[in-house]
1. Any idea which residue in the range 42-98 is nearest to the chain's Cα centre (by Cα), counting only those that are among the acidic types (D, E) and closer than 30 Å to Q120 by Cα?
2. Just wondering, is there one or more residues in the range 12-25 that are modelled with pLDDT under 90 and loosely packed, with under 12 Cβ neighbours inside 10 Å?
3. Which one is most open to solvent (accessible area, probe 1.4 Å) among residues in the range 40-69 that are out of contact with any Phe, Trp or Tyr (no Cβ under 9 Å at 6 or more places or on another chain) and outside any helix (DSSP H, G or I)?
4. Which pairs do you get when a residue that is within 21 Å of V143 (Cα to Cα), found in the range 11-28, comes within reach of a residue that is part of a helix (DSSP H, G or I) and open to solvent by less than 100 Å² (accessible area, probe 1.4 Å), reach meaning Cβ atoms under 8 angstrom, with the pair 6+ apart or on two chains?
5. Could you name every one of the helices (runs of 4 or more DSSP H) located completely within the range 78-157 that has at least 1 residues being open to solvent by 30 Å² or more (accessible area, probe 1.4 Å) and at pLDDT below 85?
6. Name every residue in the range 44-68 that is within 20 Å of L119 (Cβ to Cβ) and touching a residue at least 60 places away in the same chain (Cβ under 8 Å), in order of residue number.
Amino acid sequence: MVVFLDALATLGWALGAAFVVFSIGCGLYVISEWVEEYPRQTRKLIQCSVWLVDIVHVLAALDRVSLWRVVASMCANHVYTLNFETFPLVQTTSPVLLGSCALTVGNHFMWFFYFVQNLQHPFGHVCALMFFCVWLVPLALFVSLTPVDASLPSARRGDEQRTRQNMFKTVFARFRRPDDARARQQSLHSE
């Protein structure tokens, strides 16, 4: 009987994790819709979040977290703001975007290895610092930036209609079923 309960518990955890991932994906999709509608407010919100994350970094440094890592992480957050020059449009091959992506990965691993070496920090503190100081600004930019290729006004190219789409939708568009896209296009043409 213990084997059955273990299997049931594992299934419950797997379904719970899948539900959480699905919920986060839906939430990001809703946020990306809001970002498309209000790009000016989004830019101001992300700029304010950079300064708030700086305050969190300073408070973390006062809590005896590695000072040089705090300074490096703050610098990375300010490099991300270089994407605001053409906000919300972004060239997917621009050095600023590619550098921001590299800094995000580097920042994540820098803090990951710090916390692996210093196990005295509680798990909740590690998660909070990673979310607010490492992931918040890059995730906000990822959801809000629009690739230049997807920002062209509606233009027909064969049967395909191109519309403005943000980075989040562009990256995850490949997961849609092709028959769903065809059905949507047919309904657009029939209207």
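The values are calculated or read from the model by the stated rules, or taken from the named source; none is laboratory data. The model shown is predicted, which means the values in this text are computed figures rather than measured ones. Reconstructed Cβ throughout: ideal geometry from the backbone, glycine too, with neighbour counts over all protein chains shown. Ligands, DNA and RNA are stripped out before the accessible areas are found, and what is left, the full protein with its side chains, is counted by its heavy atoms. Shrake-Rupley method; radii C 1.70, N 1.55, O 1.52, S 1.80 Å.
1. Only one residue tops the list, namely D54.
2. Taking every residue of the range 12-25 in turn, at least one turns out to be modelled with pLDDT under 90 and loosely packed, with under 12 Cβ neighbours inside 10 Å.
3. R64
4. Correct list of pairs: G25/F172; L28/V143; L28/F168.
5. Answer list for the range 78-157: 136-144.
6. Scanning the range 44-68 gives A60, V65.
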